[in-house]
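Engineer: Dropping the structure in here first, questions after.
The values are calculated or read from the model by the stated rules, or taken from the named source; none is laboratory data. Predicted, not measured: the structure shown is a model, and the values here were computed from it. Cβ: placed from backbone, ideal geometry, glycine included. Neighbour counts: every protein chain shown. Protein only, heavy atoms only, side chains kept; ligands, DNA and RNA dropped before computing areas. Shrake-Rupley method; radii C 1.70, N 1.55, O 1.52, S 1.80 Å.
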Amino acid sequence: MEIWNRHFECMDRDGIRHVQSERLRETVERVYFNVPYYRNRMQEAGLGPESFHSIDDLSKLPFTTKQDLRDNYPFGLFAVPMSEIVRVHASSGTTGKPTVVGYTRSDIATWSEVMARTLTCAGANRNDFIQIAYGYGLFTGGLGLHYGGEKIGASVIPISGGNTSRQIQLMHDFGSTVLACTPSYALYLAEAIAESGIKRDDLKLRVGVFGAEPWTENMRREIEDKLRIKAIDIYGLSEVIGPGVASECLVQEGLHINEDHFYPEIIDPETLQVLPSGSRGELVFTTITKEGLPLIRYRTRDLTRLTYDKCRCGRTLVRMEKCLGRSDDMLIIRGVNLFPSQVESVLLEMSEIKPHYLLIVDRINNLDTLELKVEVDEAFFQDKISQLEELRQKLQNNLENSLGLGIKVTLVEPKVIERSEGKSKRVIDKRKY
Amino acid sequence: MIIHQLSVFLENKSGRLTEVLEVLGEENIRITALSVADTTEFGILRLIVSDPEKAREILKRNNFTVNLTEVISVMAPSEAKHYAKVLRILSDLDISVEYTYAFSEGAKSIIILRCSNTENAIQALKNHEIELLKASDLYKI
């Protein structure tokens, strides 16, 4: 298996800690002198640049949250003059002001480097055709993959998201070998390919790099079976850099974090204490090389745990477990915690239904209600009311058994549930607080 | 003697049945018989049409969940006793009728039956000299 940057990706623990400590000192200095927000908070805590000697001193610093980014909208946390910024990206901002991120020329180079590692991790190289079906634009997915693809010398097809029939046509005609998109869109494409009449053997697709939303192991198997490819999980968030923060290798045993650029910690989201190695908790990142928008102890809301063993692929970078969900996505239904991905997992175990679903949460007479809309698989539909009722009952039971929650199941016609071309919308919460 | 009936999954939403009939109408599909089984949330529309394969393709293209189901069709005088006799023959042989519907054509009734075992049902009815309709007979009505 190829490794893009053997020096950093296979460095021993002492070596990497040395690099991290050095880079943390530089970062703290940079934010102290260039970002009033960070300087004020450090001064309040009685800290100065001289308080930081090694990476272990990081825990002295306060956390940064998405709200802090919003409060300093748009450019308040940038650490360089705007003349140094060569690119901005922004989140969609569905729940408030968008979060804006800025990159210097050197940040773009870092991003290309970590994306080159990501694609190499997935087994891609200069001989590949990479079809980038992530959206281009303010969303970091499209351009992030694009720069990484060019960096490794692959042939990049910047088709962007949407226009499924064209995706399939170009995948066929150009012979795309690598597909990059969200996992839900990959599943949608798999269905559309099956319906298009194009034979799988006429496609050269070998591997997919999927991210930007949480997805389960069951969903991975489904994508791998239907598309007959290796499905690689990639992780990132625009605040930290975009895609390229971490990636699985072909061993598929956790995602390698590019920890020479993004230092991870796991904290208890309630007490905010750093948890011992191996514990599951909220992932926190400190960027230690970024210039445009350095982030100190940024709370991702993603729940995972870290492993520091050497991977079978040879990389020594710390690995994070596949994220099951963001604590933001977590629903609390009648006091029970529920991640949409748990529902998905139950659906994927039943072949009679399609893995597309919509959860509708409401509150009726002060009681939370949960309705799940799912599509019946055509191959299963056999004209008997009793059979459909049994299916509905079986699904309701399976959900109740694995989630501990009563969910009303409604069977709907195919293609009623919107297929997303970007991040999919799985939940409608109608509750008013 | 086997008739291919179209079965269509429908959500209980106003206008869905109309849409099915409209898309079939645009392609000049004729409907011989129609029945709807429904629950509070969804229904199954059952149709005997002039060209079942073509009708299925049309509905699939329009994103309906559709399947072809094997049913049999019997022609008998309209009096209730004749319908009863048909059902008796089947129940005596432990062939269950999953559902049935009928319509009359002059003094005769045309009965559609979905049985647990189509082949056995056909044989049993033939043995009792019940008049079974072929698909081609039915589509002509």
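Engineer: Over 25 Å between Cα atoms: which of A:Lys354/A:Lys394; B:Lys54/B:Lys140; A:Lys199/A:Lys354 fall into that group? Provide the component values of the computation, followed by the final result.
Structural biologist: Details: A:Lys354/A:Lys394 15 Å; B:Lys54/B:Lys140 16 Å; A:Lys199/A:Lys354 21 Å.
Cα-Cα > 25 Å for no pair; all within.
Engineer: Using the basic label-point model (7 angstrom from Cα toward the beta carbon), what is the A:Arg17 to B:Arg61 distance in nanometres?
Structural biologist: In this crude label model, A:Arg17 to B:Arg61 measures out at 6.8 nm.
Engineer: Equivalent-ellipsoid semi-axes (√(5λ), Cα gyration tensor) for the range B:71-140, whole Å, largest first?
Structural biologist: The answer is 18, 14, 11 Å, longest axis first.
Engineer: Cut-off 16 Å, label point 7 angstrom out along Cα-to-Cβ of B:Asn127: give me the residues of the range B:72-89 whose amide nitrogen falls inside.
Structural biologist: B:86-89
Engineer: At q = 0.17, 0.25 Å⁻¹, what base-10 log of I(q)/I(0) does the Debye formula yield for the range A:9-74 when every alpha carbon is treated as an equal point scatterer in vacuo?
Structural biologist: So the normalised log intensities work out to -0.67, -1.08.
Engineer: Can you compute the radius of gyration and Dmax for the range A:253-327, using only the Cα atoms, both in Å?
Structural biologist: For the range A:253-327, the Cα-based Rg and Dmax read 12.3, 36 Å.
Engineer: From the Cα gyration tensor of the range A:40-178, with a ≥ b ≥ c the square roots of its eigenvalues, which class applies: rounded if a/c is under 1.5, or else prolate if a/b is larger than b/c, or else oblate?
Structural biologist: It is prolate, given that a/c is not under 1.5 and a/b is the larger ratio.
Engineer: Hull surface divided by four, with the convex hull built on the Cα atoms of the range A:140-290: how many nm²?
Structural biologist: 10.1
Engineer: Continuing with the same structure: Cα centroids of the range B:11-38 and the range B:93-118: how far apart, whole angstrom?
Structural biologist: Using only Cα atoms, the two centres lie 21 Å from each other.
Engineer: Taking only the alpha-carbon atoms of the range A:349-408, what semi-axes of the equivalent ellipsoid follow from 5 times the gyration tensor eigenvalues under a square root, in whole Å, largest first?
Structural biologist: Gyration-tensor ellipsoid for the range A:349-408: 23, 12, 11 Å.
Engineer: With the convex hull built on the Cα atoms of the range A:306-433, state its orientation-averaged projected area in nm².
Structural biologist: For the Cα atoms of the range A:306-433, the hull's average projected area reads 11.1 nm².
Engineer: The range B:39-108: Rg/Rh from Cα coordinates, Kirkwood Rh? If you can, show how the numbers build up before the last one.
Structural biologist: Details: Rg = 15.7 Å, Rh = 14.9 Å.
Rounded to two decimals, Rg/Rh equals 1.05.
Engineer: Take the alpha carbon gyration tensor of the range A:185-224, find the square roots of its eigenvalues, order them as a ≥ b ≥ c, and report rounded if a/c is under 1.5; if not, report prolate when a/b exceeds b/c, else oblate.
Structural biologist: Taking the square roots of the gyration eigenvalues as a ≥ b ≥ c, the range A:185-224 is prolate.
Engineer: Out of every Cα-Cα pair in chain B, what percent are more than 18 Å apart?
Structural biologist: Tail of the P(r) past 18 Å holds 56 percent of the pairs.
Engineer: Note every residue of the range A:355-392 with a reduction of at least 50 square angstrom in accessible area, all protein chains present versus the isolated chain, computed with a 1.4 Å probe, or write none.
Structural biologist: Buried on complex formation: A:Glu378, A:Phe381, A:Asp383, A:Ile385.
Engineer: Assign one of three labels to the range B:1-80, namely rounded, prolate or oblate, based on the Cα gyration tensor with a ≥ b ≥ c the square roots of its eigenvalues; rounded applies when a/c is under 1.5, prolate when it is not and a/b is larger than b/c, and oblate otherwise.
Structural biologist: oblate
Engineer: Related question: In Å², nearest 100, what accessible area do chains A and B bury in total when the solvent probe is 1.4 Å?
Structural biologist: Counting protein atoms only, the buried area is about 1800 Å².
Engineer: Next up: Where both partners of a DSSP beta bridge lie in chain A, what percent of those bridges are antiparallel, to the nearest 5?
Structural biologist: 65
Engineer: Still on this structure, I have one more. Using a loss threshold of 50 Å², tell me which positions in the range B:64-98 are less accessible in the complex than in their chain alone. Probe radius 1.4 Å, ligands and nucleic acids ignored.
Structural biologist: B:Thr65, B:Asn67
Engineer: Write down the Kirkwood hydrodynamic radius of the range A:279-372, to one decimal in angstroms, obtained as one divided by the mean of 1/r over all alpha carbon pairs.
Structural biologist: Kirkwood hydrodynamic radius for the range A:279-372: 16.6 Å.
Engineer: If you don't mind, there's one more thing I want to ask. How long is the range A:1-328 along each principal axis, judged by its Cα atoms, biggest number first, in Å?
Structural biologist: Largest first, the range A:1-328 extends 67, 39, 36 Å along its Cα principal axes.
Engineer: Too long at a 27 Å Cα-Cα cut-off: which of A:Lys151/A:Lys230; A:Lys151/A:Lys290; A:Lys322/A:Lys408?
Structural biologist: Numbers: A:Lys151/A:Lys230 22 Å; A:Lys151/A:Lys290 19 Å; A:Lys322/A:Lys408 29 Å.
Flagged as over cut-off: A:Lys322/A:Lys408.
Engineer: For the protein assembly as shown, I need the span (max minus min coordinate) of the C-alpha atoms along each principal axis, in Å, sorted largest to smallest.
Structural biologist: 103, 56, 41
Engineer: Another question, if that's okay. Let's see if you can work this out: charge +1 on each Lys and Arg Cβ, -1 on each Asp and Glu Cβ, no other charges. What is the dipole magnitude of the range B:3-69 about its Cα centre, in debye to the nearest 20? Spell out each step's value before the answer.
Structural biologist: Numbers: 8 positive and 10 negative charges, 22 e Å.
Using Cβ point charges on Lys, Arg, Asp and Glu, the range B:3-69 gives about 100 debye.
Engineer: Using a 1.4 Å probe over the heavy atoms of the protein chains, calculate the carbon and sulfur portion of the accessible area of chain A as a whole percent. Walk me through the numbers on the way to the answer.
Structural biologist: Working: 8600 of 17970 Å².
So the carbon and sulfur contribution to the accessible surface is 48 percent.
Engineer: Further question: Putting +1 on Lys and Arg Cβ atoms and -1 on Asp and Glu Cβ atoms, find which of A:Ser21, A:Asn5, A:Asn34 reaches farthest to the positive end of the dipole of the range A:1-42.
Structural biologist: Value: A:Asn34.
Engineer: What is the dipole size for the protein assembly as shown, taken about its Cα centre, with +1 at each Lys and Arg Cβ and -1 at each Asp and Glu Cβ, in debye to the nearest 20? Write down the numbers at each step before the final one.
Structural biologist: On the way: 71 positive and 81 negative charges, 120 e Å.
Dipole of the protein assembly as shown, to the nearest 20 debye: 580 debye.
Engineer: Okay, moving on. Tell me, what is the per residue accessible area of the protein assembly as shown in Å², probe radius 1.4 Å?
Structural biologist: Per residue, the protein assembly as shown has an accessible area of 43 Å².
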